[in-house]
Amino acid sequence: MLKLKQKFDLHRDVVSDILRKEASVCRVKEYSGAVDTRILNIERDGGILYSWKGATGTTRIGKFDSNTKQNKLLYTFDKQVCVSSCSLNKEETLLAVSLAQNTRGEERLKPMSKCLTLLIEIHPINNTKVLKAVDCRVKVQFLHAETDRRSVLESHLLLLTEDGYVDLYHVMLTKQEGYRVVMANPERLLKTAERIVEDFCWLQWDGHTQRVYYLTHSVTHTQDKFLMRCVQFYPNHKCETMLEFPLEFPANLFRTVNFVNLGFDHYHEKSPEQEPLRLKVFTNIIGSMCVCYSQHLKAKQEVSYTVLLVHKDCSKTFRVSLGSEQKATHLHPLFIPIGYHILVYLQDHFLHCINTRQQEIVCHSLFLSGLDVDLGLPSQSADVTVLHSEEESSGSVLDLGSGRIHEAELSPAFLLKILRAPSRCPSSKTDPQRMAALHCLLVYLGNDPNLELKITEWLFDNVNTFDSFDQIQEFILASLYRISYEKSLSLDKVLPYSSVLDKKEVPACLLEVPGVLCTTEQHIEPVFKGKARILQGFWSELQWNTERTQYLDADPNPRYRTSHIQADWDKLRAERRPSSHMNHIEENTKKVLSMVDTWCLGKTHEHTETHT
């Protein structure tokens, strides 16, 4: 289903270089000792921060540059320490590190804090500032805002604590002797802290868009609820709460604070049984926002997950039966964003490719189970972390077990295989899969002439094969839909994306998937906090999408249907008695004209006449 392309290999790109450096330090030809290399964080520019144990009993922190494929030593501790969180500023002059207490031997008996957070100068290494010394986990993350200035003498650091608050530190820098960059007035650093978020139980950092999503528990006289909020950081390092909407969860769901996308803490491990909820937010630059979460069910023969489509003002909850004798080894599925689709993957059980633009019926999504769901990942899904950038049409996954990063794309070859598979199963199972694969090929994978040729060959080889849908109409509609939304995103809910939407009764096999129960809820009620006149980019697109969706939901029948011109066609055909051959031509002409009429919907009169 997925085509994986390896982008990074810890052993190949980092460990081999470390072993050469350690051999040089020890003055040996080859160093054979253990270096215990661990990935700590991935910054916005793709730089990978890691630590390793040196031959002289030290802990070192380095960076792999994904552009130059080079490694750089950033800092060396004079003893072995446990690095639980780490971040590097964009100019590579400051390093923020949180150290977990070493619980081995005599260190455990010393009176010391559970977590020590340091701010370290790199060029030169002559000053270290203690930011926090507390008995809870602390995460650190520098802001990486885009700037046109060549020389930046300020850095901004987020400090996030397990106690449920986020502080923003404004670190002023100064140059000495032309190249030395040091902190200006480090004794006043703590006074610059600005409280950004308070009282959260779950938080996600999105480095590519410089946003913080967090959940806060709100208790009033009438209700007990959770609120999802988003804080946007701007290039001038100002921030603003942009969005808020309620989510319904059990009150005691979060026993500890959960952090997402804030590096990898190798000294704080949680088993799947300790995670009653797994939650993640994905956005796309065109103005879509998906909140995906799964809840732990006591009955392990069933998995429940929800995809909340903020831009569509609805949420869809799926309950998948694993069978009476099957149990999920890992209780939570993996959510992988691939373009306009969200892939929900539970290893050895199922893979659900959900269309986030057209979510009305099953034929717009692809559900696979059994032997077809192997993604080719070497590790268990619990050891895989999803890396996401809304500017990219493909997702990336990090396999922590092997230290490899793979770029994941939908595989055209696999989707074509679904189309061409022999009809051994009843149509109630194969028809929805073929329709979903056809739409995925035509809409998501774009205008590929070679791919369209292969699909056309399949159409010619399977004329009048399927009972539940007309594959020629689906081909025309999906192709026109792709062209239309590339030019006008506002038409995606009006166009007849599938021919089955115009039927009086949609075939039952297209409305359900065996073993999958789906419930849909409307009206998420997102509230935009920013003023409408200053919303830009993603936020303006998201607001436009939600307002348009709410307007169309209020219309009893917003979608254009070919049945609107049925009376005209019946009158035309009644004027003469056509032959069977002419009847066939007219039927095909009817399909084509209805598609053209759909494509012209919403355009100017001059544009409409040109296309007609």
*Counting other Cβ atoms within 10 Å, which trypsin sites (Lys or Arg not before Pro) in region 22-76 have at most 14 and lie in a DSSP loop?*
R27, K29, K69
*For K529, residues with placed amide H under 5 Å, excluding near neighbours*: L243, E244
*FRET efficiency, I125 to E154 (Cβ-Cβ, R0 25 Å, nearest 0.05)*: 0.80
*Given R₀ = 51 Å, FRET efficiency for T456-D45 by Cβ-Cβ distance, to 0.05?*
0.75
_Computed magnitude of the charge dipole of region 81-269 (debye, nearest 20; Cβ of K, R +1, Cβ of D, E -1)_ = 360
*Once the Cα gyration tensor of region 81-269 is found, what semi-axes does its equivalent ellipsoid get, as square roots of 5 times the eigenvalues, in whole Å, sorted largest first?*
30, 23, 13
*Residues of region 45-63 with amide nitrogen under 18 Å from the 7 Å Cα-to-Cβ point of D36?*
50-62
*State, to one decimal in nm, how far the label point of T174 lies from the label point of E92, with both points 7 Å from Cα in the Cβ direction.*
2.6
*Enter the mean projected area of the convex hull around the alpha-carbon atoms of region 1-134, in nm², rounded to one decimal.*
10.9
*Assuming R0 = 22 Å, can you tell me the calculated FRET efficiency for the pair F414 and L511, based on Cβ-Cβ distance, to the nearest 0.05?*
0.35
*Mind giving me the nanometre distance, one decimal, between the label points for D555 and E575, set 7 Å out from Cα along Cα→Cβ?*
3.0
_Extreme residue, positive dipole direction of region 1-77, given options V15, G54, F77 (C-beta unit charges)_ = V15
*Measuring from label point to label point, each 7 Å out along Cα→Cβ, what is the K503 to K238 span in nm?*
5.5
*Expressed as a whole number of Å, what is the distance separating the alpha-carbon centroids of region 332-354 and region 49-91?*
33
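Coordinate-derived values only; no laboratory data. Please read these numbers as outputs of a predicted model, since none were measured by experiment. Cβ coordinates were reconstructed from backbone atoms using ideal geometry, including for glycine residues, and neighbour counts include every protein chain displayed.
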